[in-house]
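Here the structure is laid out as structure tokens; the discussion comes afterwards.
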Amino acid sequence: MSTTEPITVNLGPQHPSTHGVFRMRVTFDGEEIIDVEPVFGYLHRGSEKLAEERTYTQVLTLTDRMDYVSSMLNNQAYMLAVEKLCNVEPSPRGVWLRMIAAELQRVASHLVATGFLIQDLGALGTPLIYAMRQREYILDLFEMLCGARITNSYLRPGGVFMDAPDEFWPALDKVLNDIPNALDELEELLSGNEIITSRTQGVSILLPETMVNASITGPMLRAGSVDWDLRHRNPYDFYDQINFQRPLHSSSDNFARFWVRIQEARESVKIIYQCLERIEPGCVRPSFHDVPRLIRPEPGDAYAAIEGSKGELGFYLVSDGSIAPYRCHVRAPSLINLTLLREMLVGTLFNDLFVSFGSIDLNMGEVDR
Amino acid sequence: MTDEWNGNSLATALAGENPDAIESCNRTDVWVKGEHILQICFTLRDNPEFGFDLLNSLTAVDYLDYFEVVYHITSLKKNASAVIKTKVGQGRNNPVLASVVNVWRGADYQEREVWDLFGITFEGHPNHKRLFLWEGYPGHPLRKDYITYDQSINSEERG
């Protein structure tokens, strides 16, 4: 029973809190949300169609531009699919290097997610800069590895395109030393701040069974105490040789989702230290005799998925024996994690809207592709 | 490691409850007849022998003679995965398939995406609208017969 007249408001597509261009048609009863309808497609560039006209290596550059705050992870998922399609045996040093890059990217992505949470809660500027500052150092490392900061295109079938330069290793050590302090600082801002805890705890609770049924994966699922991490349950690359914890939280609210991300970033640092112990000199990619520049896989299909920073990031490739994929489908976690958006938002208040929305940690480049 | 179901043994296991639903199978995949897909998906989710509670990915491929809808599914409890495929729209005519949103909510946006980009209708979908492109957009761009070099996307001759 409405006590006031319901009003429908278009939020977006241009709004600083929508993490890109995203529109929601939200119906309010006073300050309470009674209906939400997301409208997609403002950043749709037809990546899957473009991929059908490019060679397997060229498609890599399209994956950079999907989730542009975790390009290395996109590269990794795509290359695993190509390797599965072509039965490529990867070079060990290349695999360790891309695992280091991927875990650094995961830290960067989780830092961005947490920084924007505090921004969405109304603390404009300063806390976000704390998170972005640490991310800058990680991007500097990527610049040493491949010359690019955001659109990396660092990986190749069977490894990476070049070895890390000598100055990379001391710089990496320094960044790894600093990350835990930066994470402590952010966690202190989160769990030590009464405003943040009282506004995020108990808001937008999702049940674990509902989330599994709605194909939600990644930190969102683990915040509901479902122990499902592809690095652990279906290890790709050399994750089977690595020991790491999967941080779980039982409350499945906005606070839990961000808490899980911070803890996961800590585990990523531990994973990188283990990679550094095991990495050995050698080739970073197979020779062109084994993996030619122009790949022509046998006709068939392959699906490979990794634990991305947002959830299960998968690529489904179909080959017809030519130099370009016949079909390249991206299983985009950002899009699929939005399935329960309506359930999360209905019943909450307007000022929780963008916090709940940000707790999904979505990236419009990946939602719309 | 996740156990990947062998397509042949999955087809044999499924044939017990749904004898005429299986079209063919190979080492990795099972092809289900289009009209039985909903029933098969309920079996895959609810029968404890399978227990597939997570729909990883739902997508389609245009093979010119027909469309193929591909379901990648996983059981979190058993850590097992399987691939189910369905051929729809033989001769490119009127591709229609039952929606599996009632089995897995995660199919919601993915089926809308397939409708948007391939033009495959999902019967029983609660919100059967285009996902990325706007209503009234001519054609379905991921079809292989879609003309991409034509810049006049508003031309009425496009179908």
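The values are calculated or read from the model by the stated rules, or taken from the named source; none is laboratory data. This is a predicted model, so every value here is computed, not measured. Cβ atoms come from the backbone with ideal geometry, glycine included; neighbour counts cover every protein chain shown.
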Checklist line | Filter result (modelled with pLDDT under 90 and of a type in the set (D, E, K, R)) within region B:63-75 | finding: B:ASP65
Checklist line | Of the criteria (1) modelled with pLDDT under 90; (2) within 11 Å of chain A (Cβ to nearest Cβ); (3) buried (at least 17 other Cβ atoms within 10 Å of the Cβ), which one B:GLY89 fails | finding: (2)
Note to self: I'm checking my understanding of the structure. Among residues of region A:264-297 that are free of Cβ contacts under 8 Å to residues at least 60 places away in the same chain and either among the acidic types (Asp, Glu) or not in a helix (DSSP H, G or I) (or both), which one is surrounded by the most Cβ atoms within 10 Å (Cβ to Cβ)?
What the structure shows: A:GLU267
Margin query: Against the condition touching a residue at least 12 places away in the same chain (Cβ under 8 Å) and closer than 18 Å to A:ALA214 by Cα, how does B:GLY91 come out, does it pass?
Written below: no
Check: Among the residues of region A:49-89 satisfying the criterion of being over 16 Å from the mean Cα position of the chain (by Cα) and of a type in the set (Asp, Glu), which is farthest from A:GLU298 (Cα to Cα)?
Finding: A:GLU53
Item checked: Only one of B:THR59, B:THR74 that is touching a Leu at 6+ places or on another chain (Cβ under 6 Å), within 23 Å of A:GLU307 (Cα to Cα) and touching a residue at least 12 places away in the same chain (Cβ under 8 Å) -> B:THR74
Check: Among (1) in contact (Cβ under 8 Å) with a residue 60 or more places away in the chain; (2) within 12 Å of chain A (Cβ to nearest Cβ); (3) assigned to a strand (DSSP E or B), which single condition is B:LEU64 missing?
Finding: (3)
Next item on the list: Sort through A:ARG54, A:ARG106 and tell me the only one that's surrounded by fewer than 21 Cβ atoms within 10 Å (Cβ to Cβ) and either of a type in the set (D, E, K, R) or in contact with a Ser or Thr (Cβ under 7 Å, 6 or more places away or on another chain) (or both).
Entry: A:ARG54
Check: Quick one: which strands (runs of 3 or more DSSP E) sit completely within region A:3-43 and have at least 1 residues that are among the acidic types (Asp, Glu)?
Finding: A:23-29, A:32-39
Check: Filtering region B:39-52 down to residues that are out of contact with any Phe, Trp or Tyr (no Cβ under 8 Å at 6 or more places or on another chain) and crowded, with 18+ Cβ neighbours inside 10 Å, which residue is nearest to the other protein chains (Cβ to nearest Cβ)?
Finding: B:PHE52
Next item on the list: Search region B:92-110 for residues being small (Gly, Ala, Ser) and under 24 Å from A:VAL367 (Cβ atoms), and hand back the single one that is nearest to the other protein chains (Cβ to nearest Cβ).
Entry: B:GLY106
Check: Just checking, how many residues over region A:28-43 are surrounded by fewer than 17 Cβ atoms within 10 Å (Cβ to Cβ) and facing chain B (nearest Cβ under 9 Å)?
Finding: 1
Next item on the list: Report yes if some residue within region A:44-60 is within 13 Å of chain B (Cβ to nearest Cβ) and closer than 24 Å to A:PRO235 by Cβ; otherwise report no.
Entry: no
Notebook entry, point to check: Do we find a residue being in a loop (DSSP other than H, G, I, E, B) and either under 23 Å from A:THR217 (Cα atoms) or under 18 Å from the mean Cα position of the chain (by Cα) (or both) anywhere in region B:145-159?
Noted result: no
Next item on the list: Answer yes or no as to whether B:GLU4 is surrounded by fewer than 17 Cβ atoms within 10 Å (Cβ to Cβ), more than 14 Å from chain A (Cβ to nearest Cβ) and either touching a residue at least 24 places away in the same chain (Cβ under 8 Å) or within 29 Å of A:TYR239 (Cα to Cα) (or both).
Entry: no
Next item on the list: Go through region B:1-41 residue by residue and tally those that are part of a loop (DSSP other than H, G, I, E, B) and either over 16 Å from the mean Cα position of the chain (by Cα) or of a type in the set (Val, Ile, Thr) (or both).
Entry: 12
